[in-house]
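Accompanying notes for the structure given below.
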């Protein structure tokens, strides 16, 4: 009998930089606080659509085009994105993967980010800027879950590849990358300090 594993879902996890990561995270954190302070429209939107927290997604979602700190972040992410695309064996042809969106998220105590995906993108991810002890992880959902209409639950001690949800702890300075169709969420933050991250999308550019 032969049993093989097909259709894997790959997730990339690595430190953004090998050295100096803490200093750069502090720089991004300071810039995030300045953006939140001056983003009146964004804070107004969040009061209605993002309870307790702040995201610049609805107001300033292309930070890599306007702020030098996020331009540097884009440059630092480039080798990670290239490595992940190579591992996925994406055939980009004459095109390339291009950052299209980049925004900040601040989740204070009890704030959460509901289950969602990133349509019209190829790769998405998160850079953890500030991850206080005990803060919420990013939780990834098996993309086949809605098709298992009559399936029994998995055993509590099942192998990692058979889990229906997987969590990655938020760790300051680390990057998580995944294909944009993968649904994910962040539960209510139980920590006493803000959980701060930068999220981003890449599309397939130059294919025309």
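No value in this document is a laboratory result; all are computed from the given coordinates. Just so you know, these numbers come straight off a predicted model, no measurement behind them. Using ideal geometry, Cβ is built from the backbone for each residue, glycine included, and neighbour counts are taken over all protein chains shown.
When the helices in the chain are scored as -39500 (n - 2.57) per DSSP H run of 4 or longer and the sum is shared across all residues, what 222 nm value do you end up with, to the nearest 500 deg cm²/dmol?
When only DSSP H runs of four or more count, the value is -8000 deg cm²/dmol.
Of 29, 107, 52, which is the most mobile in a GNM of the chain whose springs link Cα atoms less than 10 angstrom apart?
Maximum among the listed residues: 52.
Based on the alpha-carbon gyration tensor of region 96-157, what equivalent-ellipsoid semi-axes (square roots of 5 times the eigenvalues) come out, in whole Å, largest first?
Numbers: eigenvalues 141, 88, 22 Å².
Semi-axes, largest first: 27, 21, 11 Å.
Using Cα springs under 10 Å in a Gaussian network model of the chain, which residue among 105, 162, 189 shows the largest mean-square fluctuation?
Highest fluctuation among the options: 162.
Over all distinct Cα pairs, what is the inverse of the mean 1/r for region 24-94, reported as the Kirkwood hydrodynamic radius in Å?
14.2 Å
From a point 7 Å beyond the Cα of residue 116 in the direction of its Cβ, which residues of region 186-204 have a backbone N at a distance under 15 Å?
Under cut-off, by backbone N: 186-188, 197-202.
Calculate, in nm to one decimal, what residue 144 and residue 157 gain on full extension: separation in residues at 0.36 nm each, minus their alpha carbon distance.
Fully extending the segment from residue 144 to residue 157 adds 2.7 nm.
What area, in nm² and to one decimal, does the C-alpha convex hull of region 52-178 cast on average over all directions?
Numbers: hull surface 42.0 nm².
For the Cα atoms of region 52-178, the hull's average projected area reads 10.5 nm².
Give the distance, in whole Å, between the Cα centre of region 160-180 and the Cα centre of region 1-68.
Comparing the Cα centres of region 160-180 and region 1-68, I get a distance of 15 Å.
Answer rounded, prolate or oblate for region 137-208, using the Cα gyration tensor with square roots of eigenvalues a ≥ b ≥ c: rounded when a/c is under 1.5, else prolate when a/b is larger than b/c, else oblate.
Note, shape of region 137-208 comes out oblate.
Sorted from largest down, give the three principal axis spans of the alpha carbons of region 57-129, whole angstrom values.
43, 30, 20
Using only the alpha-carbon atoms, how far is helix 40-49 inclined from the longest principal axis of the chain? Give it as 0 to 90 degrees, nearest 10.
With both axes taken from Cα atoms, the answer is about 40 degrees.
Residue 37 to residue 23: extension gain in nm, 0.36 nm per residue of separation minus the Cα-Cα distance?
Gain on stretching residue 37 to residue 23: 2.9 nm.
Using the count of nearby Cβ atoms within 10 Å as a rough guide to exposure, how do 22, 55 rank from fewest to most?
Ordered from fewest to most neighbouring Cβ atoms within 10 Å, 22, 55 come out as 22, 55.
Test of understanding: express the Cα radius of gyration of region 1-49 as a ratio to 2.2 N^0.38 Å, with N the residue count.
The value comes to 2.10.
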